[in-house]
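Encoded as structure tokens, the structure appears first; notes follow it.
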Amino acid sequence: MRATFAEAAACWAGLAARLLGWRPADFWSATPGELAMALTEPEPFAAFPPPSREEIARMMERDGHE
């Protein structure tokens with residue numbers, strides 16, 4: 001038996017409240033992708049090396065023009 005939308009939403013909203021401290025408005029304003037990212041175990045930091053000086057300079061230059 002599959003859950004109805006209301007049943008599934010109540011389950012996910014409760015999980016977001018317990019694990020993330022989200023209020024109902026936080027849950028309903030989030031996209032499914034945002035909820036998935038918030039509940040997914042992060043990758044080890046080794047998978048994301050720090051940016052180089054050149055990359056930082058490019059980011060600073062780009063952000064200075066916005």
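The values are calculated or read from the model by the stated rules, or taken from the named source; none is laboratory data. This structure is a prediction, so every number in the text was calculated from the model and none was measured. All Cβ positions, glycine included, derive from the backbone under ideal geometry; neighbour counts span all protein chains shown. The protein model used for the area step is the full one, side chains on, heavy atoms only, and it has no ligands, DNA or RNA in it. Shrake-Rupley method; radii C 1.70, N 1.55, O 1.52, S 1.80 Å.
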Review point. In degrees, nearest 10, range 0 to 90: what is the angle between the Cα axis of helix 5-20 and the longest Cα principal axis of the chain?
Key: 50
Practice item. May I ask you to give the percent of accessible area on the chain that is carbon plus sulfur, with a probe radius of 1.4 Å? Key: 64
Point to revise | Size of charge dipole - the chain - debye, nearest 20, with Cβ of Lys, Arg +1 and Asp, Glu -1, no other charges | key: 280
Study note, to complete from the structure: To the nearest 0.05, the calculated FRET efficiency linking Glu7 and Glu41 through their beta-carbon distance, R0 being 22 Å, is 0.30
**Study point:** Option label - percent of Cα pairs over 17 Å apart computed here, alternatives [x] 52; [y] 26; [z] 61
**Key:** [z]
